[in-house]
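Single-structure report; data block below.
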Amino acid sequence: MQPIATDYLIIGSGAVGMAFADVLFHETQDRIVLVDRHAAPGGHWNDAYPFVRLHQPSAYYGVNSRALGGNATDAAGLNEGMHERATSAELVSYYGQVMQQMLASSRVRYFPMSDYAGDFASPHSFKSLLSGEVQSVSVRKKVVDTTFMQTEVPATHPPKYAVAPGVCCVPLNELTQTRQPPSGYVVVGAGKTGVDACLWLLEMGVPAEQICWIMPRDSWFLNRIKVQPGEEFFTQSYGAFAEQVEIVAQAQSVQDVFSQLEAKGQLLRIDPAVQPGMYHGATVSQPELELLRQIKNIVRLGRVLRLDKDQIVLERGRVASDADRLYVDCSASAINWRRPAPPVFAGNTITPQMVRALQPTFSAALIAHIEARFDSEAEKNKLCDLIPLQNKPVDYLAMMAATMANQYQWSKNEDIARWIAQ
């Protein structure tokens, strides 16, 4: 079989892969091949639970050439008065439309249900997950690895703890399939997924007394009202960033930074009496926070080690339970925090990563623009200094420092400054 010839081979058609491909498609005449294990563009959104929404406004997501959503604000609910947040169904549909636009050109080819079989060094090949057929690819320029972050969702990653026979433990996707009320619900995980599970149960009318929330670490959350796009929020959003910079410059300690950010309404936490040990940049609204605070049965004994019929075994203790409870697993890590990060540009491989804090699609789009406009690998990596991944509160400081350093570098380059402004 003849190798497929292309300029760029992009591994993954999730949000990052699509953002990168979109810029190459519109700013160059290069040929592009996208390979993905999923049956449709959108990456992990194809596996997401049905009631998930972006935790940031839709305007911050999507690709550069096509707006995501209609720039509307929600008129009711827990996000009232703030910009819309796309559902998983909307995202999969959106990325399908973006892909169809690119496929209308002879410059783009897409191979879903296919697994890249190479090692990011020539020769390249991928294997069909349906037929087993192997196709080789001849790459003239570069391979783009958008799988580095290894996004996990509960539906595709089983629990890391033991579950005894007879105990019902389901991923969040299956929560909507409940047909018989259990004796109670146990939500395992304190990140965005755990928050979504608790909010959905409460909004569906489950009494807060019937929910037990396993919270290995409390989290700091961004106050969503402080990170809104649009002219009506311009002063508030940009003022919030300036306020963060001032607080960081004057604070005496990491704890002082977070105390001041909380006092200014920029950061929120579930329990004011518990010092959070986690910061992933997730957002909640004030109404969501008040609803979550109705849950009083919060277990703070570390991670779950084992679910037995009569007890939950955790790192620092045990909690009595019963066999009729429904355990909802929300423990999958969004990304791999411990994996060493390679440079974005390294020879014939591009590894898109975060170059602006908490904005993966903007980062991928900017990296693609820099690839299209600059020749020197050293210069490109200087313009794409990596934002450290956020896990603990102290990581916030490194994130802020790297973000400001990148912003400064971009502001000095007329081409990049113009591109960002547009």
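The values are calculated or read from the model by the stated rules, or taken from the named source; none is laboratory data. Note that the coordinates shown come from a computational prediction; the quantities given were computed from them, not determined experimentally. Cβ sites come from the backbone with ideal geometry, for glycine too, and all protein chains shown count toward neighbours. Just the protein is used for accessible areas: all its heavy atoms, side chains included, with ligands, DNA and RNA removed. Shrake-Rupley method; radii C 1.70, N 1.55, O 1.52, S 1.80 Å.
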Open item on the list: Between 0 and 90 degrees, rounded to the nearest ten: what's the tilt of helix 88-103 against the longest Cα principal axis of the chain?
Closed with: 0 degrees
TODO: Count the DSSP beta bridges whose two residues both fall in the chain, then state the antiparallel fraction as a percent rounded to the nearest 5.
DONE: 35 percent
Task: For residue 168, distant residues with modelled amide H under 5 Å away - done: 327
Task: Degrees between helix 234-250 axis and first principal axis of the chain (Cα, 0 to 90, nearest 10) - done: 80 degrees
Task: Accessible area, probe 1.4 Å, largest first, for residues 380, 141, 392 - done: 392, 141, 380
TODO: Compute the acute angle (0 to 90°) between the alpha-carbon long axis of helix 254-263 and the principal axis of greatest extent of the alpha-carbon atoms of the chain; round to the nearest 10°.
DONE: 80 degrees
TODO: Determine the per residue accessible area of the chain with all protein chains present and a 1.4 angstrom probe, expressed in square angstrom.
DONE: 45 Å²
Task: Global form of region 36-167, assessed from the alpha-carbon gyration tensor, a/c cut-off 1.5 - done: oblate
Task: Distant-in-sequence amide H partners of residue 129 (H built 1.01 Å from N, under 5 Å) - done: 114, 115
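Rounded to the nearest percent, how much of the accessible area of the chain (1.4 Å probe, protein heavy atoms only) is carbon and sulfur?
Details: 9710 of 19120 Å².
Exposed carbon and sulfur together represent 51 percent of the surface.
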Task: Karplus-derived 3J(HN,Hα), 6.51/-1.76/1.60, for each residue of region 187-192, Hz, glycine and proline x - done: 9, 9, x, 10, x, 4
Task: Spin-label model distance (nm) - residue 203 vs residue 133, 7 Å beyond Cα toward Cβ - done: 4.3 nm
Open item on the list: Can you order the peptides 210-219, 95-104 by their average number of other Cβ atoms within 10 Å per residue, highest first?
Closed with: 210-219, 95-104
- [ ] Rounded, prolate or oblate: pick one for the chain, where a ≥ b ≥ c are the square roots of the eigenvalues of its C-alpha gyration tensor, a/c under 1.5 means rounded, and failing that, prolate if a/b is larger than b/c, else oblate.
- [x] oblate
- [ ] Would you work out if region 336-422 is rounded, prolate or oblate? Take a ≥ b ≥ c from the square roots of the eigenvalues of the alpha-carbon gyration tensor; rounded if a/c is under 1.5, else prolate when a/b is larger than b/c, oblate otherwise.
- [x] oblate
- [ ] Pull up all non-local amide H partners of residue 146: gap of 5 or more, or a different chain, and H-to-H distance under 5 Å with H placed in the peptide plane.
- [x] 11
